[in-house]
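Undergrad: Quick one: structure below, then a few questions.
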Amino acid sequence: MTDGGRPEEAEVCIVGAGLAGGIMAFELARRGIRVVVLESGPRHDFSRRFEDMRVFLRGENPWRTLPPELDVYTLGGSVPYFLDYSRIRGVGGSSLGWEGYALRFHANDFRLRSLYGIAEDWPIAYEDLEPYYGSAETALGVAGADDDPWASPRSTSFPLPPFAFSYSDGMFASACKQVGIVLHHLPQARNSVAYAGRSQCRACGTCFVCPTGAKASVDLTHIPQAEATGNARVLTDATVLRLQVDRPDHVSGVVYAGRDGREQRVSADLFVLAAGAVETPRLLLRSASKTSPAGLANGSGLVGKYFTSHPLIDVTGRVGDKVYPYRVGFSTAMTRQFAVDRDRASQRAFYLEFLNFPRGGQPERLALASGKWGEALRRQVETEFGHTVGIRVYCEQLPDPRNSVTLNSRVTDSFGNPVPHITYHVGPQERETLAEARTVATRVLEAMGASQVRSSALRFASHQIGTHRMGRDPRASVVDETLRAHEVANLYLVGSGCFVTASSSPPALTIAALAIRTAEQIASLRRPAEGA
Amino acid sequence: MENLVALAEVLVQGRALSPSERADLVESINDRTLSTPGYLSLYRLTARLLDRLAQTRFPDLSLPQRAEIVLRHRLVPDGEPGTSSPPPSSSDPEAAVRVLAVPELIASYYRSPAGWAVVGYESFPGRCSDLVRYTRPE
């Protein structure tokens, strides 16, 4: 915290120490730019990771921070989109709990309007982002193979060798072949071999809490490096309450509060909001002023609009042979066959993940579901275990103007601020695509000889996207292609909120690539003589 | 704790647990009671109820006698799995045990190393291993 109430000063103030904020902090600090990072949560001490793992294994959330009132939200729309496990406060942010899947978007994902006449094109192309994808893969340590027939061209190899296919992947591969589907490796930011001072994955099976540090998270990869430059300071338990402007197009400072509620201020030349696709628009909307009555940077009215995610289902079945699940906590195989080559004007993209950890098949789950006890229970668990196979479907969702993050003034958080209100719907085409994907997954499972094939209820990935979209037209977007707010010259909004469309691939690697690109552009403006 | 282990023996295996199985179960129960408010008092209530129903120390009964009490007083869920039961009231300790304590005891055992051993796993989520094992059958 600042001493004696003296305002903290920096060249760049970053709000949020998650994936985007952590990468920005390092990329700026290593170029000699003085950075202050304000993080609402604590440092989750790495030495406690095994304890955190035990908490997770009890079915509780080890990343939950106090007070719970800080994370209150309300829901609207036809489908509830729960935020409880999908956002993490603290140094590392959501990268603490992510699955680690690090896929590039396909080149077509950036051009849906041009190619298919739907949604909008991004103001940048895959080719613009390609070198930054490579940098992000190197920084995070992505393990992968060049066996994805639907991958867009890449100029660099994966920095780490892929994880071997699992035992059950071999069974999936045979079944996929029978029904004309190509299975390939799933790229992931997890150490298949020791890398960048972090250990090889030890197959602990609890990737939501990686106790060894083999999974990349910016509390281990970028924040320590940023601090080691001497140019970056991270203030924890510092919740930003609002941004202050001294003129309509210029932020002069941010006001934050610690747990004691005492307000303090940081002034800087540039500000970067990296608080996620819910908190970033919330902060902008809360920073309304006489000159920006609809919220800061919101002349377009699009701040908080087009909230998007990835609808998903699990399709499971029972096979006669044992598949030996739960020996790693991540999947090793997928197919993007349905994510690229299809008429996306009428069909959403989807990809299949072949699960090494099907839901509901753990001994504990089998025991509770059996309704038996005593000797009969033991026999049931022994007999049933290891025969459940599962395929997860991630579906692309197109931006929907009905979906949004707004402020709910009737409910307040522990600082007395309006909480976010999530309005969410899933459109008919997404539902049709999920039905198609269910049929495809069922075909694969039946080719494996599976019985009792069933689909889970509709759920959603922890991917929040689109609430401060980028574009060239200030009337139709919030930030430009460098992620600078159209209306506020010294304000950048990073993270998946800037995505124009969601792809069906997880957003993390694209968040990272964009953050590196934006940091480079900020540095070239602030240190032009040194080059970016 | 002895009462809980004596009940768990009836529920999870239908036999006496080995010392290592007991140790795994006790650790799992302790983990829950130390971390989640309400479980300590639930388990105290369970222990008192068991002694009352047994009219002696519940662990002193033989396994068939314990099983008979569990059956007679319907301490195990009798509906289809997943059937929602009404929340137990404080005046119905049998229901509290049936709806809350018994499922948690079963879960505690089957998520512990002893539970994973039932399915033949020495390594499992939470006990790290290597990157070869998952590629092969056990």
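Values in this text are rule-based calculations from the coordinates and carry no lab data. The structure presented is a predicted model; accordingly, all values stated were derived computationally and were not measured. Note: ideal-geometry Cβ built from the backbone for every residue, glycine included; neighbour counts use all protein chains shown.
Undergrad: Express the relative contact order of the range B:2-135 as a whole percentage, based on alpha carbon pairs under 8 Å and six or more residues apart in sequence.
TA: 32 percent
Undergrad: Something else about it: Taking the Cβ of A:Pro281 as the center, what net charge do the other residues with Cβ under 11 Å away carry, scoring Lys and Arg +1 and Asp and Glu -1?
TA: +3
Undergrad: On the principal axes of its Cα set, how long, how wide and how thick is the range A:138-199? Give whole Å, largest value first.
TA: 42, 28, 11
Undergrad: If I require 24 Å or longer along the helix axis, counting alpha carbons, and a Kyte-Doolittle average no lower than 0.5, what helices from chain A are left? Use full DSSP H segments.
TA: Flagged H segments are A:508-526.
Undergrad: Can you work out ³J(HN,Hα) from phi for every residue in the range A:198-206, in order, using Karplus 6.51 cos²θ - 1.76 cosθ + 1.60 and θ = phi - 60°, giving whole Hz and x for Gly and Pro?
TA: Each residue of the range A:198-206 in turn: 10, 6, 5, 4, 10, 6, 6, x, 10 Hz.
Undergrad: Measure off 7 Å from each Cα along the Cα-to-Cβ vector at A:Arg265 and B:Arg15, then give the distance between these two points in nanometres to one decimal.
TA: Spacing of the two 7 Å Cα→Cβ label points: 7.4 nm.
Undergrad: With labels modelled as points extended 7 Å from the Cα through the Cβ direction, what inter-label distance (nm, one decimal) is found for A:His425 paired with A:Arg459?
TA: It works out to 2.6 nm between the two label points.
Undergrad: Considering the options A:Ser504, A:Ile223, A:Leu83, tell which one lies farthest towards the positive end of the dipole of the protein assembly as shown, charges being +1 on Lys and Arg and -1 on Asp and Glu at the Cβ, about the Cα centre.
TA: Checking the options against the dipole of the protein assembly as shown, the answer is A:Leu83.
Undergrad: Sticking with this one: Among A:Lys322, A:Lys215, rank each residue by its count of other Cβ atoms within 10 Å, from fewest to most, as a rough exposure measure.
TA: A:Lys322, A:Lys215
Undergrad: Another question, if that's okay. In degrees, nearest 10, range 0 to 90: what is the angle between the Cα axis of helix B:19-35 and the longest Cα principal axis of chain B?
TA: Roughly 70 degrees between the two axes.
Undergrad: Hey, with R₀ at 56 Å, roughly what FRET efficiency would A:Thr439 and B:Gln65 work out to, going by the Cβ-Cβ distance, to 0.05?
TA: For R0 = 56 Å, the calculated efficiency reads 0.55.
Undergrad: Would you grab the residues whose amide H sits under 5 Å from the one on A:Phe460? Only those 5+ places off in sequence or on another chain, please, with H modelled 1.01 Å from N.
TA: Answer set, sorted by chain and number: A:Leu312.
Undergrad: Stokes-Einstein D for the protein assembly as shown at 20 °C, 1.002 mPa s, Kirkwood Rh over Cα pairs, in µm²/s?
TA: Calculated translational D: 81 µm²/s.
Undergrad: Calculate the tail of P(r) for the range B:2-135: the fraction of all Cα-Cα distances greater than 25 Å, expressed in %.
TA: 29 percent
Undergrad: Given the range A:248-388, what whole percent of its Cα pairs are spread farther than 20 Å?
TA: Result: 70 percent of Cα pairs exceed 20 Å.
Undergrad: Something else now. What shape does the range A:66-220 take by its C-alpha gyration tensor, where a ≥ b ≥ c are the square roots of the eigenvalues and a/c under 1.5 counts as rounded, a/b above b/c as prolate, and the rest as oblate?
TA: It is rounded, given that a/c, with a ≥ b ≥ c, falls under 1.5.
Undergrad: Which cross-chain or sequence-distant (5 or more) residues have an amide H under 5 Å from the amide H of A:Val453, H modelled 1.01 Å from N in plane?
TA: Amide H neighbours of A:Val453: A:Arg318.
Undergrad: Please compute the modelled spin-label separation between B:Leu45 and A:Asn61, points set 7 Å along Cα→Cβ, answer in nm with one decimal.
TA: The answer from the label model is 2.6 nm.
Undergrad: Which of rounded, prolate or oblate describes the range A:415-462 when judged by the alpha-carbon gyration tensor and an a/c cut-off of 1.5?
TA: Prolate, since a/c reaches 1.5 and a/b exceeds b/c.
Undergrad: What FRET efficiency comes out for A:Glu382 versus A:Thr412 if R0 is 60 angstrom and r is the Cβ-Cβ distance? Round to the nearest 0.05.
TA: Efficiency, rounded to the nearest 0.05: 0.70.
Undergrad: Taking every DSSP beta bridge that has both residues in the range A:8-530, what percent is antiparallel when rounded to the nearest 5?
TA: Restricted to the range A:8-530, the bridges split so that about 65 percent are antiparallel.
Undergrad: Here's another thing I want to ask about it. Neighbour counts of other C-beta atoms within 10 Å: give me A:Asp169, A:Asp341 arranged from fewest to most.
TA: The fewest-first ordering by Cβ neighbours comes to A:Asp341, A:Asp169.
Undergrad: Taking other Cβ within 10 Å of each residue's Cβ, how do A:Ile14, A:Ile465 sort, fewest first?
TA: Sorted ascending by nearby Cβ count, the order is A:Ile465, A:Ile14.
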